[in-house]
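Colleague: Below: one structure in structure tokens.
Please treat every number below as a calculation from the coordinates, not as lab data. Please read all numbers here as calculations on a predicted model, not as lab measurements. A quick note on method: Cβ atoms are made from the backbone with ideal geometry, for glycine too, and the neighbour counts reach across all protein chains shown.
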Amino acid sequence: LIDEIRAGHGPRLLHALTDRHKGHVSVDTATYRDPAQVAAALARDGLARTRAQLVEQGQAARVEQIERDAQAEIDAALAT
């Protein structure tokens, strides 16, 4: 998909299904959720799996830089 976009083959749409790992808001303890389903969702977490793969491939420094950059953007947004 990314290769097609970069090659100039027009816009594309990525439809991704994801799991919510926590409650709807910070005070929602999500006791209504099955703990086994939550654990299964966490095991499928695409971000965590991708991070682990990059680290295994020797890209730990790159991962750390991405995380620092993301945190800097969050901090800047919250400061305004």
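Colleague: Between His15, Gln57, Leu78, whose Cα lies farthest towards the positive end of the dipole of the chain when Lys and Arg beta carbons carry +1 and Asp and Glu beta carbons carry -1, centred on the Cα centre?
Modeller: Comparing the listed Cα positions along the dipole, His15 ranks first.
Colleague: Ok, one more. Per-residue ellipticity at 222 nm for the chain, helices alone: DSSP H runs ≥ 4 residues times -39500 (n - 2.57), over residue total, nearest 500 deg cm²/dmol?
Modeller: Values: 4 runs with 45 residues, N = 80.
After summing the helix terms and dividing by the residues of the chain, the value is -17000 deg cm²/dmol.
Colleague: What's the angle, to the nearest 10 degrees (0 to 90), between helix 46-56's Cα axis and the longest principal axis of the chain?
Modeller: Approximately 60 degrees, to the nearest ten.
Colleague: State the label only: which of (1) 7.2; (2) 5.3; (3) 8.6 corresponds to mean projected area of the Cα convex hull in nm² computed from the shown model?
Modeller: (3)
Colleague: Then there is this: Nearest 10 degrees, 0 to 90: what angle lies between the long axis of helix 60-79 and the longest principal axis of the chain (Cα atoms)?
Modeller: It is inclined by approximately 70 degrees.
Colleague: Residue by residue through region 18-31, what is 3J(HN,Hα) from phi via Karplus (6.51 cos²θ - 1.76 cosθ + 1.60, θ = phi - 60°)? Round to whole Hz and write x for glycine and proline.
Modeller: Per-residue couplings from phi come out as 9, 10, 8, 8, 10, x, 5, 9, 4, 8, 7, 7, 6, 5 Hz.
Colleague: Determine the gain in length on full extension of the stretch Tyr32-Ala70; use 0.36 nm per residue of separation and subtract their C-alpha separation, reporting nm with one decimal.
Modeller: Difference between extended and current length: 10.5 nm.
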